[in-house]
Each structure stands twice: as structure tokens, then as C-alpha cells.
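> Encoded as C-alpha cells, here's the structure I'll be asking about.
Since every read-out is calculated from the coordinates, none of them should be taken as a lab result. In this text the structure is predicted, and so the values were computed from the model without any measurement. Here Cβ is always computed from backbone atoms with ideal geometry, including for glycine, and neighbour counts include all displayed protein chains.
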There are 4 protein chains.
Amino acid sequence: MKIALLGAGRIGRVHARAISDHPTAELASVSDAFSAAAESLASEYGVPVLSADDVFSSDDIDGVLIASSTPTHSDFLERAARSGKAVLCEKPIDLDLVRTRHCLAVLEEYPVTCALGFNRRHDPQFSALKTAMDSGRIGKLEMITITSRDPEPPPAEYIAASGGIFRDMSIHDLDMAAWLLGEPVTEVTVSGSCLVDPAIGEAGDLDSVLINLKSASGKLVNISNSRRACYGYDQRIEVFGSKGMLEARNETDTQLRFTGAEGVVDERPQWFFLERYSRAYAQEVADFVAAWQENRAPLAGAQDGLAALELAEAALISYREGRRVLLSEIR
Amino acid sequence: MKIALLGAGRIGRVHARAISDHPTAELASVSDAFSAAAESLASEYGVPVLSADDVFSSDDIDGVLIASSTPTHSDFLERAARSGKAVLCEKPIDLDLVRTRHCLAVLEEYPVTCALGFNRRHDPQFSALKTAMDSGRIGKLEMITITSRDPEPPPAEYIAASGGIFRDMSIHDLDMAAWLLGEPVTEVTVSGSCLVDPAIGEAGDLDSVLINLKSASGKLVNISNSRRACYGYDQRIEVFGSKGMLEARNETDTQLRFTGAEGVVDERPQWFFLERYSRAYAQEVADFVAAWQENRAPLAGAQDGLAALELAEAALISYREGRRVLLSEIR
Amino acid sequence: MKIALLGAGRIGRVHARAISDHPTAELASVSDAFSAAAESLASEYGVPVLSADDVFSSDDIDGVLIASSTPTHSDFLERAARSGKAVLCEKPIDLDLVRTRHCLAVLEEYPVTCALGFNRRHDPQFSALKTAMDSGRIGKLEMITITSRDPEPPPAEYIAASGGIFRDMSIHDLDMAAWLLGEPVTEVTVSGSCLVDPAIGEAGDLDSVLINLKSASGKLVNISNSRRACYGYDQRIEVFGSKGMLEARNETDTQLRFTGAEGVVDERPQWFFLERYSRAYAQEVADFVAAWQENRAPLAGAQDGLAALELAEAALISYREGRRVLLSEIR
Amino acid sequence: MKIALLGAGRIGRVHARAISDHPTAELASVSDAFSAAAESLASEYGVPVLSADDVFSSDDIDGVLIASSTPTHSDFLERAARSGKAVLCEKPIDLDLVRTRHCLAVLEEYPVTCALGFNRRHDPQFSALKTAMDSGRIGKLEMITITSRDPEPPPAEYIAASGGIFRDMSIHDLDMAAWLLGEPVTEVTVSGSCLVDPAIGEAGDLDSVLINLKSASGKLVNISNSRRACYGYDQRIEVFGSKGMLEARNETDTQLRFTGAEGVVDERPQWFFLERYSRAYAQEVADFVAAWQENRAPLAGAQDGLAALELAEAALISYREGRRVLLSEIR
């Protein structure tokens, strides 16, 4: 499968590596609005730099991987669909619900293999948790607890364009919750603060939030987010049910342990998403390629992107209005 | 210090043992509305059975430990105060806010050493967590996560008289949150379900709840409660701040580990509060005796009982009305 | 059961507490060559100070607990047997094999309940390990690994009178190995060094040793001893068999965990035997009392003391002669 | 660097993958006495099948990786040296000491980059342990404990040609000990049994051994080997010193934990060396390539192979003669 990469930034480089390492995928080209970035990455892999127009008009390209800046996602996604190319799009489709729904309509008209970059669904540990849960290990699911903290707050300019913590950061956890629940979320209730960085508060955003979800059958979810954890990327999930509990725990580079006068010291969690989800990114591309080859739906698709964005929207309203928000108000 | 025990049930027996084991305290008498229970426990310790009237009129008794049924607490507490006896009262003072406030007024008029049975504050592990936090180990506190699950749901008749999950079960966690925060809670937001036992729902109660608190300076707390955890008493606390995180973890009888074809197996948590908090009960009596001897406030007092009940009240309103409740509405 | 305590030093105080806390045992008296120590401890418990002669001639005393200095053990033990009193004797019976065998002969002539202070057999965790192993959890036992390290080396004068590391320190581990094996040890092979404290080497002793045992059916044991572990008392046992492995791990005061920039930090092991084996000492007295009441053998008896001393003797010969020593050479 | 692979079996395939994934190395050819195996692997990577003669006479090949059967190692190694090619040779050079020493003499005459396949030195966790130890984390090293157990015993025909447990299995641990000690081993003392599989005993071999080493300055090492651990590949190292202890612990695929009525269950260790040391194999090739490029010694060389074989030889003598063996007897 020949895949054109749109976007040669940090996450674009991760995807280029994953495509290149895949046994049957092939990096076909690199595009980027910033040509030096495109050229540097393209030469590293010995592939041509193409304009986006060239990519969408090429007969030789089977799929595109959209890793460009967020505002370009929806347009590239629609062009991919209209040109009949499979597409793996980094989240979000768009920060705006109306625009996102429009994309889904286009995809309905021009059905192509469309995967959305909810990379965490592809993490081997979360995957094993889901499999164990689905096999009945914890009996009937009752509660989910997701702890998700970044190591460091992003710069103020990033915050300004991010769409806010719910759409930018929590959205990964909202998707994870939706995926694990396996049934619709019906209610969202939120508490939030700005505790980490006053600049975030001045930008009208929050940096510490608690999001509670309730599903159609009454299952409960708590998501705990912070923009700063001095010990690294804190990514834990606990699912609790009638027959027990499963915990996905933080990962470390090694299992080395030191015991000394100050106590028993293990490694801190891996620092950020590039380390923690390196296996997930490879698996995400593998699932995309397989979905295209087998003409099946990928693990995460555009509909999941819309669903997560609706949850983020509900969370924002809940915080602003200090009340429980029903998803029926949003959908 | 001569202490009269009011109430010879399960928790009364725990306190009798703690008083008897204390180097300077002495079990003076046992009282119980059910005389067989009083006689059995009294004879075990070689002490007389007294009526409550005798206790309060005795010149020989320094303090009373109220471990009788909840509806009797407030009356006994007031009689203890009026008769000038120190008092350690099992939580709650009363399930009703007005009645509780009346007790506090009486205590103000007749000031005696008054401790409230928030046993968890005396747990060595939670105590060590608080000490480490207060010493700056995690920097500035930002978020608290309390997981608190009972091993098995109580019988339906217990539920009926319990005052509901917030006043009966969550109240321990609400007090813990208040104690750890060290500043007033200003907002409460709740989600809840009946997932464990339909009989609980039929009694108008919940068995699975998520309670979010926000403090005066914006710190966030999540409390997660369930009436049933098949693996035992799940009692965990996580405090998260600018310089790290402290976790109080479940305790086991031994550190024995088995590794076999099925994996690496450690002991499950201790089954329930009598095992888990055995050290805390001893420490609670020790603190009560020391507070009386040193004429200082005990670690948890009547005011803390009122504060926790107000939080429970706010939680109930939040759940019923689907909104953020300000504590200023309650106080 | 009325028990006279011989020896009012550190370990004597531990036993006094255990006797006093036991529901049916009673501390009858305290004796010590150093009268101030005897008086201080006796007055703490409100019991008389007696001479050893008075103890052995008293009709009122059911048993004696020998916690005096090592050179007095064998004589006290024989006098206890001859006077028909049950006896719990701190290890060792004597540092000399011939003297020890003489004691056993006296005990055969005057059979009384005789327990030997191998406290670790009474530790709840090791006890649970033994029970699990005996119930078949690890299948057929193949290898045992015992790690046993003291926090700090003893002073030079202690070393001089100790009988050397094998008879003084390793003897506990040799007894543990013998107990867990449940069959005779047939071979001993040793390596050793003086790495911790040159004063120990100058006294002709070792401070770091590896002892390998082989049992009648070929099972293997490794014991690793050091006189100094800066992180506390390191007391671990691993038993390995055809169906898995059981590990008894170090114990801590609490389960509190800190995660910060420097890693994930748990408490270090408890500092020394008084903390680590506090439950074992209580259980040891309980077993002694029960053995006397039920007229059965205690968990560890004089024969076990002899067997462990023989292993220590074999270890010393193995080290000195640089060869495998058969137990048949010793017995 | 163009590398010819000699040997297309299981371990040959691992090396082919590592060479192919390396950014500057290139798999040049595949050779195998069994031509179908060579052809299958060669076609997978699109490289030619060559005879060994062609390899050694080719001007186009920079190095050879010897992954053929043990009896061919020494001859291939010498031919590589004589033809001036760098060589990475799977351990052992030869099972015979005299033959091995001859190889070293040839290497002295024809000096080429020569790496020996002690893969564990390249494991990231053991590597981190060594780095931490060398940086002084545990103070002065005193004792090393290596636990190394295979998941399943090899078939009887493998045992027959293996050279026995010391030369075949323990040799990895002996090399690890030598590497960690950083000073010569002077004494070896061994205990051993056949407990796992009677067929191993009938073949004159052992399946369960304890090897104690002592170094020039008196440091002690215990190696514990078993041919069968039902829970997977047990690969642990503990280094203990004056300021603490470092432990390399078993690795698992994920950190998923289940808590249920039966306890807290973590994943068992990875099954065998292909999983456990996958990162080490890649790192081993990387070190080989870098050593060749930088004209420096690789992390493990032929001299280390000889040293480990001498230790294995001493271990065998110690077992057979029931005595401490000095390395000066062997060297």
C-alpha cells in the first residue's frame, strides 16, 4: 500500500517511521506547507516531496496519512474521500462540531477506508485490557477510572489554538472511555481548575479537570486530567466490575530497582507519548493498512472522532454552566 | 482515664479491646440497650454493666465512648457534655443537619474533650501520607483521588436506616478529603448509579457514586465509591501536586507472592474495616486519651463531623438536581 | 500458665511483653544476673524478682523462658527439665555440639515441653509460605533461596563471643532451610569473605557468606548472608518447584508510595528483628503455651537446635577446608 | 558494513533481522549446510546464498556473523580472522578449552574486530544496572546473585551435544558475573542435582545447579540455574554493596494487573530468550558494527569467551570432586 504523508512535523516523522517499517506499506511521498521540513524528511527516506494537489491527483497513491496542522485536517480528509484514497487522519477531524459533521457526510457519500488517530486504542496494554474485559474477566463492568496527565504544560500559543483542554487533551480519554464502555454515554458532569500555569487560565482555559460520564445502562466513568506531572506521562486506566478490577499501569524503560537507605526506588514512567505509545503508532498504521487490504473498518474511524468531540463539547458546557449535561442536548 | 462504653455491638467490642490494651486507659463499664450483649462483653473484661443514667451520673467515670446505634448518638453526646465527661463518639453525630448543629451548640456551652470516630485519620498509612504531604513532599497539592469500596453491600434493612450512601459510606471519604485539603470545600458535583444490588435502588439509594469536590483555592478531589468489591476492602488515596504524587495502597496480611503458569499472584487486600483499620482503632483511642490528658483538641472533633455531613448533604442535592452545589447553600 | 522469665535484656523484654499480652499466660517473675535490669522490668509488670534457684524450686511456676546470655542456656535448660518445668529457650542451646547433645540427653531422661527460639518459624509470612508449599502450590520442591542480611554489623566484642557467623547468624537460616526442606540435609558447601568490617576479619570471622545445602533427595538450598545492609533487615525466602515459585518478601511499616522526578519510591524494609518479627515473637509464646497445654511438641524443639548447630559446624568445616562436607561426618 | 550470515537456523534468523534493521549494516548473503534453510532465509531478504568458501574469499564482505552449529564456530572464526573479516560469533567459540585457546592465538596473529555473542551484556536493563553500579549507586560491590532458569528442558539429544549445563547454560551467567565483577574470579564452588528430568541425569548431566564464585578481592557471586521454570524465562540479577542493592527483574509484555477474589495477578515473565532479549540482539549487532567502524573492541570479545569457558570448566571439576577449585588450576 503506497501512502502519502501530509505533514512532516514531529508526529509526521513518527508516522513516516511506522510506514517505512511496515512489511507491506510504502512511504510514497512527503508534503508539508513548510518545504524545508518536507524536503528533510523526504530525503531521509529517499521519497519525493509532493504538493497536496499532486498527492490527491496521483493514480499511484493508495492512501494518505494526515499529520498536518489541525485546521487543515477536515479539508484534506474530504479531498482524500473524494479522490477515493484511504485516509488515516490525526485527531481531531476539526475542533468544530458542524465542520466535523460535514466531513462525515462527505465520507458517507464517498466511502473510503477512514481511520482516525486515536493512537491509544492501539496500545498493546490497553488492547490487552479491553480483550480481558470483553472476555468477562471482571464480570459486569461498573466503573472506569482514567488518569491522564501530561509531563509539562504546552506553551501559551499552543493553548490558544488548541480548542481548550477538553477538545485537545481530554478527547483521547473520552474516546478511550467510549471504546471501553461499548455503549453510549448519556451524561457528562465536570469540575475544573487552573492550578498549574496561570497563563492557561488567562487564555480562558483549564489545566486540571475531573470529568464524570454516565452511560446508557448507568456505568460510571471518571477522567482525571492535568497538564503537568513532574514524574512523566501518567497514563493509567482502571476498569472495575462485579468480578474484579483490571489496571493498565504506567510503563518504564526497564524494570531496574534500587534499594537503599532512602527506600526502594523504581524507574519513573516514560516521559511522553512518543516513548509511551511507540508500539501503538506502529500498530495504528498496521491496522490502517490491514483495514484497507481487507476492506473492513479500522479500529477507530471518523464516527469515533465525532463522538469524542461531542463528549468534549458536553464537558465544556457542563463546566461553564455548572450542571449535568445530557448528550441528547448535543447530538 | 476511666472510660465507659455505650454500645456492645461489633464496633463496641473493637473499642473495648482498644481501651483495655491502652497503657493508661481503663474500661470502666459497658452499657447496651440489649442487656445480654452488655453482660457478655462486660464479663469478658471483668467490668460492671451500667445503665446510661448510671454512667452519666457517676463521679468515677472520666469519659464515654459512644458506640451505640446512630439514633442514640446525639442524645448521649449532649448528656456527656452536660455531665462534663470527655466523649469519643462514633460517626455520625446524627444523620440530620439541624440535630447535629444543636449538638455542637451544646458542646460550645459545655466544652468537654470531644472526639469523633473518623477512624481513618488515625490509620498509620494515611497518617504518614498526610505528614509527607504537609512536609512538602509533593509540592503544592492539586488533586486528590480517593477510591473507597466495601467488599459486600449491606442488607436492605441496613440501607433503609443508613441515611443513604453519602451520609453512611462516603462521609468517611468526605472527611478524609477535608482533612487532606486543609482548606474549605466550596463546590460539590456528583454522578451516581445503582449497579450492584437492585434492592438498594428500590430503597431509593445508590451503590456506585463519583463525587467531585473543589476547594477554596481550586484544588480538585474525586471520590469513587462502590458498595461491592469482590476482592475485599478497597481503600486507596492518591494526592497529586506540583512535585509528585503520594499513594496510600491497599494492605495485605503478608507479602507472600506466587509465580506460576497463570502469572504472578499477590494477596488480595484485607477483607474489611476490622482488619484494615485495626491499628487505626487503637490509635484513635490513644489520641482521645492523650487529648483528654493534655487538654487539647483530638485529631477529629464534632466540628469535623458537621463539616462532613454538610458535604454529604451537598452531594445528595447535587445528585438529585444534576448540578454543582455550592457549600454556601448548605452552611 | 505461669512463666518465669530468665534474662531481662532486650530480647527478654520482648518475651515479657508477649507473655503479658497472651490471654492465658502470666508473667510470674523476672530474673537477671544484673539485678537492676531485673528490677526495672519486674516493676514494669508488677511481678517479683526471683533468683534462678527460687524459680526452679518454686511449685508455683509452670514454665521458664530462657532469654539470658548464651553461656547460661544449657545449664538453665537442664535445670528446667530436671525440675519438671516447661521451657522455651532462646537459641542456641549452646555453641558447643557436645554440650548441646548432653542437654538433649537430659531432656530425654526428664521429658518436659521444650521449645527452642527459632522465632522465624512463627512469622506469619513464612508460615503462610510453608503452608502453601505443603499444600502443593509449587509442586515438587527443587530449590530454596534464603537472603538474610542484618542492617549493621555487631560490635567487635559481640563477634568475639558469638561463635562466628555460622553459629550466630546463619543458624536461623539453616533452621529455616531444614524446616522448609522437610528432609535431612546431607551436604554443605560454603564460600565466604570479610567485606564489611575488617575488625570482623581480624577476629577470625567472616561477614559475607554463601552456604549451599543439598538434601537427601537432591534438593538444593542457597543461603546468602551479610552482616550489613544499609537499607535495613533483608529477610527474603524463595522456594522454587515444578509448578512455580513462592517468595516471602520484605515487610514495611506502610504501603505508602511516592512518585516524583527521581522515580517511584516505596518504603525500605523494616529496620531489624524487633520490628520485622514482632508478630513472630507473640506467636512463639502462643505456640509454647499451647504445646504445654495440649502436651504436644512445639513447632521448634531442642532437636531442631541440635540439627541447626550441626549444619553450622559443617559450614565452618567446609569453609576452612574448601570442600563439600557430608553431614554424616558430623552426626 | 556488509555482513555475511553463516547459519540460517533460529538464532540465525534473529541476527538476519537485526542486521537488516540496522541503519548502516547490510545483510550480504546467507550460508547454511542445509541449503533449503539458507535459500528460504536468503529469499526472504532478497540476498544470495553463498558457500562458506565464497564468503571468506569475497572482497565485498566486511564481516561474518557465525550462527551455525557449535562445532563449526572455531573453524569459521579462524577463517574469518585469516581473511581479515570482522566477526561476530555466537557463543561458545568451542566447547574445548585447548581448541578455544588456539582460536585466540590465531586472532592474535590476525587481529580483526571480533565480538562474541554474549547477548545479555547488551540487554538494556542489565546495561542500566552495570552503568548504575559503575557510577557508585551501590557503593562498594560485595555480592552478586544471578537467577537464571529456562522455561523448559531441552530434548535429550540436545543435552548430549551441549557440553553439559555449565558450558551450555551457566556460561551466560558466568560471563555476566565476570563482566559485573570487573576483576578476576579466583575460586569456584558448586552444588548440583538432577531434579527436573531423569533423562538429563542419564545423559550424565545436571539440571539444577548452584555456582558460587569468589573474586580476587573477595566479592561473592551466587548463580542459581534450573532447566525448567513453568512460569517462563526467569532472568534476574541482584548486585549488593555497601550503599544498597540493584535488582534487574523479569520483564513482561504489558503492565496489566488483575485484582479478583483470588488475589492480585500480574503477567508472568516473557517466555524465552527470543522475547526477553529481542532488544539485546539488535543492540549486539549495533555494537559489532560500531566497533568495526570505530576500530575499537566490542563489548564482549573472544577473550571473554575463553574466560567464561574456564569458569565453566572449573565448575565442572568442583562438582565432580566436591571441592573449591582455584582458577589458577585451569588457566
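> Sum up the lysine pairs in chain C that clear both bars: alpha-carbon distance under 30 Å and a spacing of 8 or more or different chains.
14
> So, one more: Given R₀ = 22 Å, what would the calculated FRET efficiency be for C:TYR158 paired with C:GLU275, taking r from the Cβ atoms and rounding to 0.05? Working shown, then result.
Values: r = 20 Å, r/R0 = 0.91.
After rounding to 0.05, the efficiency reads 0.65.
> Now, a different point. Near A:ALA8, within a Cβ-to-Cβ distance under 14 Å, what is the net charge of the other residues, with Lys and Arg +1 and Asp and Glu -1? Please report the intermediate quantities before stating the final value.
Details: positive: A:ARG10, A:ARG13, A:ARG17; negative: A:ASP32, A:GLU39, A:GLU44, A:GLU90.
Once positives and negatives cancel, what remains is -1.
> What is the fewest-to-most order of C:ARG257, A:ARG227 by other Cβ atoms lying within 10 Å of their Cβ?
Numbers: C:ARG257 19, A:ARG227 24.
Ordered by Cβ neighbours within 10 Å, fewest first: C:ARG257, A:ARG227.
> Quick check on segment A:211-304: what does the Kirkwood estimate of hydrodynamic radius come out to from the alpha carbon pairs, in Å?
Values: mean 1/r = 0.0587 Å⁻¹.
Every distinct Cα pair counted, the radius reaches 17.0 Å.
> What is the angle, in °, between the Cα long axis of helix C:302-321 and the longest principal axis of the Cα atoms in chain C? Nearest 10 is fine, range 0 to 90.
40
> Write down the Å³ per residue value for the convex hull defined by the alpha carbon atoms of segment D:135-188.
In segment D:135-188, the Cα convex hull volume per residue is 106 Å³.
> Taking 8 Å as the Cα distance limit and 6 or more residues as the minimum spacing, I'd like the relative contact order of segment C:2-112 as a percentage.
On the way: 186 pairs, mean separation 27.7, N = 111.
Reported as a whole number, the value is 25 percent.
> With every atom except the alpha carbons ignored, what do you get for Rg and Dmax of segment D:72-132, in angstroms?
13.5, 39
> At a threshold of 8 angstrom on Cα-Cα distance, excluding pairs fewer than six apart, so keeping six or more, what relative contact order does segment A:121-329 reach in percent? Walk me through the intermediate numbers first.
Numbers: 369 pairs, mean separation 63.5, N = 209.
Computed over segment A:121-329, the figure is 30 percent.
> Related question: Can you tell me the orientation of helix C:171-181 relative to chain C, as the angle in degrees between its alpha-carbon axis and the longest Cα principal axis, to the nearest 10?
70
> Moving on. With a point put 7 Å past each Cα toward its Cβ, work out how far B:GLU202 is from D:SER20 in nm, to one decimal.
In this crude label model, B:GLU202 to D:SER20 measures out at 6.5 nm.
> Can you tell me what percent of all Cα-Cα pairs in the protein assembly as shown are more than 58 Å apart?
Details: 247361 of 875826 pairs.
For the protein assembly as shown, the fraction of Cα-Cα distances above 58 Å is 28 percent.
> Then there is this: Any idea what Rg and Dmax come out to for segment D:137-250 if you just take the C-alpha atoms, in Å?
14.9, 46
> As an exercise, take the mean of 1/r over every pair of distinct alpha carbons in segment A:75-178, invert it, and state the Kirkwood radius in angstroms. Mind showing how you got there, number by number?
On the way: mean 1/r = 0.0619 Å⁻¹.
Averaging 1/r across every pair of different Cα atoms and inverting gives 16.2 Å.
> Cα axis of helix D:10-21 to longest principal axis of chain D: angle in degrees, 0 to 90, nearest 10?
70
> Which value, in Å³ per residue, describes the convex hull spanned by the Cα atoms of segment A:192-265? Mind dumping the intermediate values first?
Values: hull volume 11.8 nm³, N = 74.
With only Cα atoms used, segment A:192-265 gives 159 Å³ per residue.
> Can you report the principal axis dimensions of segment A:2-112 using only the alpha carbons, biggest first, rounded to whole angstrom?
Projected onto its principal axes, the Cα set of segment A:2-112 covers 38, 25, 24 Å.
> What would the Debye formula give as log10 I(q)/I(0) at q = 0.07, 0.13, 0.14 Å⁻¹ for the alpha-carbon point model of chain B, no solvent?
-0.29, -1.03, -1.18
> Here's a follow-up. How many nm separate the modelled label positions at C:LYS2 and B:ASP96, each set 7 Å beyond the Cα in the direction of the Cβ?
The two pseudo-label positions are separated by 5.9 nm.
> Treating the Cα atoms of segment C:179-226 as identical point scatterers in vacuum, please give the log10 of the normalised Debye intensity I(q)/I(0) at q = 0.20 Å⁻¹, two decimals.
-0.67
> Take every DSSP beta bridge whose two residues both sit in segment C:1-100, then give the antiparallel share in percent to the nearest 5.
On the way: 0 of 14 bridges.
Within segment C:1-100, antiparallel bridges account for around 0 percent of the total.
> Could you tell me what fraction of 2.2 N^0.38 Å the Cα radius of gyration of segment A:48-96 comes to, as a two-decimal ratio?
Working: Rg = 10.4 Å, N = 49, 2.2 N^0.38 = 9.7 Å.
Normalised Rg, Cα atoms only: 1.08.
> Once the principal axes of the Cα atoms of segment D:255-331 are found, what is the range along each, listed largest first in whole angstroms?
57, 47, 14
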